[in-house]
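Everything on this sheet refers to the single structure shown next.
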Amino acid sequence: MTYALAILGGKKTRTKPYPPHVTTDERDWRAAQRVLERGILSAFEGANTPAFLGGSEVNALEAEWAERFGVRHAVSVNSATSGLMAAVGAAGIGPGDEVILPPWTMTATAAAVLVYNAIPVFCDITEDTFTLDLEAFRRAVTPRTRAVIPVHLFGHPADMDPILEIARTHGLAVIEDAAQSPGAMDHGRLAGTMGDLGIFSLNCNKHIQCGEGGVVVTNDDELANRLRLIRNHAEAAVATGVPVKSLVNMLGWNYRMTELEAAIARVQLRKLDRLLDARLALVDYLTRRLSGFPGLTLPSVRPGCTHVYYRYVVTLDPLIIPASAEVIARVLNAEGLHFYPGFQPLYLQPLYQQRIVYGDKGCPFTCGRSRDQVSYEPGICPIAERLQQEVISTEVVRPPLSRSDVDEIVEAFEKVFSRPQELLQVQDEGGRHAEYD
Ligand SMILES: *Cc1c(COP(=O)(O)O)cnc(C)c1O
């Protein structure tokens, strides 16, 4: 018997590899050249001098970012991970404080909480947009809760109005992880600008990139000041006279962006809208062509929102599709596509299962509280755990790809999903899941 599926020896649908995610052109080269010719590669100083705020490219990027996102302050950092840490620190989160976040997010979202010896409390996600579930959020709030980190995952905004309302009722800080959603909107407001602090990433996978980098935005002058201190050796800066109202968390790191990255980030920011338009055109085309496939739920958009599709996520109906997400992703990849099986909830990682972070005595989980009060048991977020088995996703519905690349995705789907008998021949190998970065 001969099979058509490439994984069983048939012909591949797509034979050429996907091109790398390149968003740079002559404009970025010129910006980098300008910095190199000047020779000032960074101009930060961790002391009470004008250089406390960095050099000219950093300052220009921050002004342009604040303008584009309509916020009072944009503070550049050397990654969104640093940005999340600076934000949690600026919000005054400390040992034993609980911070609520979804379990479907990059490790950095939770690491930023642990760095301050606070406790991540994972709460379940919605089936349609994979963002914080409101009922689960309400139930997760305790007298120790100090903040919530809604994650605008895969490019879709979390449901911010009710989240802000619940946060206000309980006096929680709202720190938005918008690393995957620059330009996404919720009723006319930009993701990352609705809470107290919002974090964007400029790493090489994100919509716009500068190598490594991030930006934190806020409308609060005091939070902005605290962010700038944490970014740049707070303790040294305060000692030389940079003012701060409270010394809480004023342990300073070096989260400073270089002039070279800032110069490139400025050019990338100007390209954001065009890159988003190109991405949305590809996604619209793919969604149109895949609609009507039995057993597939395509990305949905909550009314009043815009989705910027960092990842294109498809949910498989296990009653209709005769194979697991693991098998489907492997079968599609054998066809030459680039798909991942589901995402693992963070609390299932060894760090949470064994509660080992600082030393081996349970810190910070035992700092000022009982080791077992916050649960990381399998089952605490049943929707997130079930969806791990049911979704597949790809990042390659984005520039510089074209419609013909999307056509190949559709062609492979048509082939794979019309061969249930062949799919049944492929064994589930388990154990694989997608990365969030
Ligand atoms: C990429 C990402 C981060 C971290 O970004 P870096 O700039 O690589 O540190 C944080 N949160 C989410 C949701 C991300 O996708």
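Using only alpha-carbon positions in the range 137-193, the gyration tensor eigenvalues give semi-axes of 22, 11, 9 Å once each is multiplied by 5 and square-rooted (largest first).
Which GluC sites (Glu not before Pro) in the range 333-437 sit in a loop by DSSP (not H, G, I, E or B) and have at most 16 other Cβ atoms within 10 Å of their own Cβ? Before the final figure, lay out each step's value.
Values: sites: 335, 385, 390, 395, 408, 411, 414, 422, 429, 435; in loops: 335, 395, 429, 435.
Sites meeting the loop and neighbour criteria: 429, 435.
Largest GNM mean-square fluctuation across 263, 239, 281, computed for the chain with C-alpha springs under 10 Å, falls on 239. Using a Gaussian network model on the chain with a 10 Å cutoff between Cα atoms, which of 242, 99, 215 fluctuates the most? Result for the chain, Cα springs under 10 Å: 242 fluctuates most.
From the P(r) of the range 171-218, can you give the percent of Cα pairs sitting at distances over 15 Å?
43 percent
Note on residue 8 and residue 72: the model spin-label points, each 7 Å out from Cα along the C-beta direction, lie 6.4 nm apart.
Multiply the residue gap between residue 222 and residue 366 by 0.36 nm, knock off their C-alpha separation, and tell me the result in nm, one decimal place. Before the final figure, lay out each step's value.
Details: separation 144, 0.36 × 144 = 51.84 nm, distance 3.09 nm.
Fully extending the segment from residue 222 to residue 366 adds 48.8 nm.
Taking every DSSP bridge with both residues inside the chain, close to 65 percent are antiparallel.
Each peptide in 305-316, 348-359 gets a packing score, the mean of other Cβ atoms within 10 Å over its residues, and the list from highest to lowest is 305-316, 348-359.
Using a Cα distance threshold of under 29 Å, what count of lysine pairs results for the chain when pairs must be 8 or more residues apart or interchain?
Values: 11/415; 12/206; 12/415; 16/206; 16/271; 16/415; 206/271.
Taking the Cα cut-off of 29 Å, the pair count is 7.
Residue 33 sits among other residues whose Cβ lies under 14 Å from its own Cβ, and their net charge, with Lys and Arg +1 and Asp and Glu -1, is -1. In this simple spin-label model, placing a label point 7 Å from the Cα along the Cα-to-Cβ direction at both residue 432 and residue 27 gives a separation of 3.8 nm. Per residue, the chain reaches -11000 deg cm²/dmol at 222 nm when only DSSP H runs of four or more residues are counted, each adding -39500 (n - 2.57).
Based on alpha carbons, the Rg and Dmax found for the range 246-313 are 19.4, 58 Å. For the pair the range 37-64 and the range 240-256, the centres of their Cα atoms are 17 angstrom apart. Here the range 146-254 carries DSSP beta bridges of which approximately 55% are antiparallel, counting only pairs with both residues inside.
Step by step: find N for the chain, compute 2.2 N^0.38 Å, then divide the Cα radius of gyration by it. What's the final number? Mind showing how you got there, number by number?
On the way: Rg = 22.6 Å, N = 437, 2.2 N^0.38 = 22.2 Å.
Cα Rg divided by the expected 2.2 N^0.38 Å: 1.02.
Can you compute the modelled spin-label distance between residue 300 and residue 418, with each label point 7 Å from Cα toward Cβ, in nm? A separation of 2.9 nm, rounded to one decimal place. Comparing 271, 12, 245 in a Gaussian network model of the chain (Cα springs below 10 Å), the most mobile by mean-square fluctuation is 245. In terms of Cα atoms, the Rg and Dmax of the range 48-184 work out to 15.6, 50 Å. Among 367, 210, 123, the order by Cβ neighbours within 10 angstrom, fewest to most, reads 367, 123, 210.
Once whole DSSP H runs in the chain are found, which of them have Cα atoms spread over 27 Å or more along the helix axis and a mean Kyte-Doolittle score of at least -0.5? Kindly include the intermediate steps, with their values, before the conclusion.
Details: long enough: 259-290 (44 Å, 0.07).
Helices passing the filter in the chain: 259-290.
Run a plain Debye calculation on the range 49-113 (Cα atoms as equal point scatterers, no solvent) and give log10 I(q)/I(0) at q = 0.29 Å⁻¹, rounded to two decimals, same order as the q list. At q = 0.29 Å⁻¹ the computed log10 ratios are -1.21.
Throughout, read-outs are computed from the coordinates displayed, never taken from laboratory work. No experiment lies behind these values; they were computed from the predicted model shown. Note: ideal-geometry Cβ built from the backbone for every residue, glycine included; neighbour counts use all protein chains shown.
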